[in-house]
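Participant: Structure in structure tokens, see below.
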Amino acid sequence: MIRLEGVTKRYRSAAGERVALDAVDMTVGRGQVFGVVGRSGAGKSTLIRTINRLETPNAGKVFVGDQEITALKTAALRAARRRIGMIFQHFNLLNAKTIEENVAFPLRLEGRPEAEIKARTSELLERLGLAEHAKKHPAQLSGGQKQRVGIARALACGPEVLLCDEATSALDPETTDEILSLLDELNRELGLTIVLITHQMEVVRRVCDRVAVLKDGRVVEEGATADVFLHPKSPVTRAMLAEGEGGETFDATVVPAGGRLAKLTFRGAATYEPELSRVARSVGVDYSILSGRISRIRGEPYGQMVVAFTGGDAEAAVARLSERGVVVEAVS
């Protein structure tokens, strides 16, 4: 649905030239929720704004569907943007207008008939739980309600793509979960392709099918969310996971003498099966669990633990676990 080919964006200032995006290649499949994660200054916002050409790259091409967005002139670009909704960190609502007027605004810009505007606005307000707030102004709403208005406005023209620029960063954890549930629902029910940029690893874990990790304007890791979270390859990814709930840490001082350390990853139904104890009994090995967690990535359960095998045949235990579909990685 979205394809970036060699996209480069440079900014010039009195301090010199800064490269925000450096030859980025990226593909987002139709109907996917695609996360772009990185620290401040990594180039996330610039990247997402090249998709609807709020930022024009210095080099490279951007495609949405079969259209090259980077080649479009003004009128054609305006038409293409109707397929691309966008929601923002700080909502960007029109404070002087009511909630229904905010949602209707893009439809009025398109010159839609008033009856159509009224019907579409009512439909969206109802769907997003805002019907009772239609006559209120943004200042009268909570942060979560304002973001729902932003989502309703972004959906007004019936887009195929929804861009989310740090859409949950200004919200508390409970409201963040509500908005993520809403985005997940919209993706599944409407088939929306969603590109979501964030610095919050938990947001990616919760709703994204795939994720790309940015550093200094470059993609340093990309893949299915579960693969990137459970088996990160880039030091940047590992560091970000270690700072959040996805990171596994253990106290190296408690490792039993002579123990062989291993990181075990269980996915799906195996997460809740006693595979480790079964294997330990069958091969006659002792083990100590040094750290562990069970959670979900995009709804799929997983478990990870760091164990020390002692007092038996650790090699046989590792081989048996691997045979049973457990991913075993050495821990240094």
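Participant: Return a single number: how many Lys pairs in the stretch 16-157, at a sequence separation of 8 or more or on separate chains, have alpha-carbon atoms below 29 angstrom apart.
Facilitator: 13
Participant: Once you charge only the Cβ atoms, +1 for Lys and Arg and -1 for Asp and Glu, what is the size of the charge dipole of the chain about its Cα centre, to the nearest 20 debye?
Facilitator: That gives a dipole near 1080 debye.
Participant: Tell me, what is the Rg over Rh of the stretch 183-332, with Rh the Kirkwood radius over Cα pairs?
Facilitator: On the Cα set of the stretch 183-332, Rg over Rh gives 1.03.
Participant: Run the accessible area of the chain with a 1.4 Å probe and give the carbon-and-sulfur part as a rounded percent.
Facilitator: 48 percent
Participant: How much of the pair distance distribution for the chain lies past 38 Å, counting alpha-carbon pairs only, in percent?
Facilitator: 28 percent
Participant: In terms of Cα to Cα distance under 24 Å, which lysines are near enough to residue 263, apart from those fewer than 8 places away along the same chain?
Facilitator: Reachable lysines: 233.
Participant: Let me make sure I get this right: for the stretch 154-221, a, b and c are the square roots of the gyration tensor eigenvalues over alpha carbons, sorted descending. Under 1.5 in a/c it's rounded, otherwise prolate if a/b > b/c, else oblate. Which is it?
Facilitator: oblate
Participant: Hey, what angle do you get for helix 314-323 against the long axis of the chain, alpha-carbon based, 0 to 90 degrees rounded to 10?
Facilitator: 40 degrees
Participant: Using a 1.4 Å probe, what is the accessible area per residue for the stretch 133-278, in Å²?
Facilitator: 41 Å²
Participant: Residue farthest toward the positive end of the dipole of the chain, with Cβ of Lys/Arg at +1 and Asp/Glu at -1: which of 38, 201, 58?
Facilitator: Positive-most Cα among the choices belongs to 58.
The values are calculated or read from the model by the stated rules, or taken from the named source; none is laboratory data. The structure displayed is predicted, hence computed values, not measured ones. FYI the Cβ positions are ideal-geometry reconstructions off the backbone, even for glycines, and counts take in every protein chain you see. Heavy atoms of the whole protein, side chains included, go into the accessibility calculation; ligands, DNA and RNA do not. Shrake-Rupley method; radii C 1.70, N 1.55, O 1.52, S 1.80 Å.
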